[in-house]
Amino acid sequence: MAQRPKLYLAGPDVFLPNAAELGHRKKELCESFGFEGLYPLDNETMQGFSEERHDAFIYRANVAMIHAADAGIVYLTPFRGVSADVGTAFELGLLTGLNRPVFAYSNDGETLLERTKRNGMAAYDAATSSWRDPNGLLIENSGNADTLMLTEALTAQGCTLIRIDAQGRLDELAGFIACLEEAQKYFSS
């Protein structure tokens with residue numbers, strides 16, 4: 001039997017109260033599509049770290065998982081603000097830097113600018129014909145779901161960010177399943 005491709009499952013859902021249950025469900029879905037899911041919380045049960053170095057252990061273990069993965073599914077729903085989780089953004093960068101295919105989704109259908117405006121953090125600057133945040137800093141206005149470095153990392157690979165309008169719910173899996181479908185097409189070709 002051929003080895004199933006391994007997918008690293010990045011995203012802020014690891015912070016949810018039901019993270020272990022959600023990770024188990026994602027891994028089951030991966031298996032049903034012919035993949036092995038590598039969920040970051042799988043590392044939590046491993047031994048070999050002291051409590052004061054728990055953060056360093058998690059970092060090393062997750063980076064090792066990313067290196068072992070054949071591809072990644074990256075969950076870019078805004079988290080603790082108007083943009084994707086910064087840890088997930090790091091993992092996306094590492095995956096693309098290792099030339100691993102990345103399939104990504106967001107449960108928020110709005111653009112970065114729309115979310116920033118909705119949160120009262122954007123003002124139009126007529127002098128420069130641009131949108132600015134409360135500190136006067138430029139807000140990207142290219143219609144992307146997040147900063148161009150995240151969306152263009154996907155575009156450069158020939159992938160797109162799947163955007164589902166689930167009101168930003170972190171536990172909705174429709175986008176995850178759509179990414180599994182894309183990964184299945186990729187690995188079957």
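So in the stretch 1-30, with the set limited to residues that are over 16 Å from the mean Cα position of the chain (by Cα) and of a type in the set (Asp, Glu), which one is nearest to Asp70 (Cα to Cα)? Taking the candidates together, the pick is Glu28.
Filtering the stretch 119-161 to residues that are among the small types (Gly, Ala, Ser), surrounded by fewer than 17 Cβ atoms within 10 Å (Cβ to Cβ) and within 22 Å of Glu182 (Cβ to Cβ) leaves Gly143, Ala156, Gly158. With a requirement of 3 or more residues that are aliphatic (A, V, I, L, M) and at pLDDT below 95, the helices (runs of 4 or more DSSP H) lying completely within the stretch 1-107 that satisfy it span 54-68. Residues in the stretch 84-118 that are farther than 23 Å from Gly23 by Cβ and either surrounded by fewer than 17 Cβ atoms within 10 Å (Cβ to Cβ) or within 13 Å of the chain's Cα centre (by Cα) (or both): Gly97, Asn99, Gly109, Glu114, Arg118. The set of residues in the stretch 129-150 being small (Gly, Ala, Ser) and under 14 Å from the mean Cα position of the chain (by Cα) consists of Ala145 alone. Apart from one condition, Ala68 fits all of (1) in contact with a strand residue (DSSP E or B) (Cβ under 8 Å, 6 or more places away or on another chain); (2) within 30 Å of Gly143 (Cβ to Cβ); (3) aliphatic (A, V, I, L, M); the exception is (2).
Keeping to the stretch 109-121, report how many residues are assigned to a loop (DSSP other than H, G, I, E, B) and out of contact with any helix residue (DSSP H, G or I) (no Cβ under 8 Å at 6 or more places or on another chain).
Residues meeting the conditions: 5.
Here Ile164 clears all of (1) outside the structural domain of Arg100 (by TED's automatic domain parsing); (2) touching a strand residue (DSSP E or B) at 6+ places or on another chain (Cβ under 9 Å); (3) surrounded by 14 or more Cβ atoms within 10 Å (Cβ to Cβ) except the condition numbered (1).
The values are calculated or read from the model by the stated rules, or taken from the named source; none is laboratory data. The structure presented is a predicted model; accordingly, all values stated were derived computationally and were not measured. In this analysis, Cβ positions are derived from the backbone assuming ideal geometry, glycine residues included, and neighbour counts consider all displayed protein chains.
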